[in-house]
Amino acid sequence: MSSKEKDRDSQAPLTPAMFHILLALADGEKHGYAILKEVADRTGGKVQLSAGTLYGIIKRLDESGWILEKSQRPDIGFDDERRRYYHLTELGRRVAMTEAARLEEMVEMARAKRLVRKPRLA
């Protein structure tokens, strides 16, 4: 994929599943099962990605240059050789930040139309 295609793709809205995966990797590398578990935990079980969905999206994110499979493995005592670890690239972080800002703008528009309440301060 050319850099122009990557830049164009980075401006497009992401699917919710794509955004959840990028969000899961925002704080560090994870293997596939850890990504699935974090997404389910963070959403209170509302989002449950299947392995097929996860790895299809991982392939697309990798091809876009948004994530990379790590070549270095954790210490053998803490690793399962079948696991593949992924991390967010700088481009992937920018894409996730752009999408978060886009979603924030959408929520502000919904608030202006009184579709979403303003958050209460503690």
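Every number here is computed from the coordinates shown, using simple stated rules; none is lab data. Quick caveat, the model's predicted, so the values are computed rather than measured. Glycine gets a Cβ as well: all are built from the backbone with ideal geometry, and neighbour counts include every protein chain shown.
Laid out as a table, the results:
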item	result
Relative packing of peptides 38-48, 24-34 - highest average C-beta neighbours within 10 Å first	24-34, 38-48
³J(HN,Hα), Karplus 6.51/-1.76/1.60, whole Hz, each residue of segment 31-48, x for Gly, Pro	8, x, 4, 5, 5, 4, 5, 4, 4, 4, 5, 5, 9, x, x, 5, 10, 10
Net +/- balance of residues flanking residue 116 in space, Cβ distance below 13 Å, scoring K and R +1, D and E -1	+3
Under 5 Å, built H, 5+ apart or other chain: amide partners of residue 86	30, 31, 70
Rounded to whole Hz, the Karplus (6.51, -1.76, 1.60) HN-Hα couplings of segment 83-99, x for glycine and proline	6, 10, 9, 10, 9, 7, 8, 4, 4, x, 5, 5, 4, 5, 5, 4, 5
